[in-house]
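Q: Structure below; questions to follow.
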Amino acid sequence: MINDTAMNIMSLSYERYGSGMGGGMTITASNGVQKVKAEAFNFYQHSPWSMIYQEQVSYFTHTDSLKDWGETYLRPVPRDDQVTFDNFTPLSDSVVTGAFSASFNGGGGIAKGGQATTVKGNFKLVFIH
């Protein structure tokens with residue numbers, strides 16, 4: 001969802017890599033003019049109930065599909081990126097569910113003006129071992 005409006009997804013990719021320290025997961029959804037990327041990386045899982053990881057949600061736009069995506073929309077300070085997992089062991093489970101969200105300053109790229117943009121979504125990913 002972009003500003004509480006469903007994003008038309010034409011391309012979806014996801015990847016899980018590693019199994020412990022340094023492991024992570026990336027989800028990318030895009031269409032002709034928008035791209036959202038949610039990442040969780042540098043996992044440290046002390047126990048099944050204790051995970052520490054870095055997270056980042058990025059939002060890109062462009063008006064011409066022949067051009068590069070350009071820079072990600074600027075994030076407010078402090079950042080509010082969130083990638084959460086319903087699973088206790090997302091780097092080894094076959095089915096991984098969760099959610100992501102973030103807000104961005106309006107205008108896109110390096111511009112600071114404009115209305116704030118919010119991005120949020122849920123995921124259910126199936127990984128084959």
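Q: Counting only protein heavy atoms, what percent of the accessible surface of the chain is carbon or sulfur at a 1.4 Å probe?
A: Numbers: 4120 of 7690 Å².
On the chain, the fraction of accessible area on carbon and sulfur atoms equals 54 percent.
Q: A follow-up question, please. Say we join alpha carbon atoms closer than 10 Å with springs in a Gaussian network model of the chain; which of 55, 71, 39 then has the biggest fluctuation?
A: 71
Q: While we're here: Under a GNM of the chain (C-alpha, springs under 10 Å), which listed residue has the highest mean-square fluctuation: 12, 74, 66?
A: Answer for the Gaussian network model of the chain: 66.
Q: If you don't mind, there's one more thing I want to ask. Mind pulling the per residue volume of the convex hull built on the Cα atoms of the chain? Å³ is fine.
A: Working: hull volume 15.1 nm³, N = 129.
Once divided by residue count, the hull of the chain is 117 Å³.
Q: Quote to one decimal, in nm, the extra length available between residue 115 and residue 79 on full extension: 0.36 nm per residue of separation minus the C-alpha distance between them.
A: Values: separation 36, 0.36 × 36 = 12.96 nm, distance 1.65 nm.
Difference between extended and current length: 11.3 nm.
Q: Now, a different point. So how many Å³ per residue does the convex hull of the Cα atoms of the stretch 1-63 work out to? Display every interim value, and only then the final one.
A: Details: hull volume 6.3 nm³, N = 63.
Hull volume normalised by residue count: 100 Å³.
Q: Follow-up question, since we're still on this one. Of 7, 84, 54, whose Cα points farthest to the positive end of the dipole of the chain (charges on the beta-carbon: +1 Lys, Arg; -1 Asp, Glu; origin at the Cα centre)?
A: It is 7.
Q: Dipole size in debye (nearest 20) for the chain around its Cα centre, Lys and Arg Cβ +1, Asp and Glu Cβ -1?
A: Values: 9 positive and 11 negative charges, 24 e Å.
Around 120 debye, computed over the chain.
The values are calculated or read from the model by the stated rules, or taken from the named source; none is laboratory data. Quick caveat: nothing in here was measured; it's all calculated off a predicted structure. Every residue, glycine as well, gets a Cβ built from its backbone with ideal geometry; the counts of neighbours run over all protein chains shown. Side chains are part of the model used for accessible areas, which takes the heavy atoms of the whole protein and leaves out ligands, DNA and RNA. Shrake-Rupley method; radii C 1.70, N 1.55, O 1.52, S 1.80 Å.
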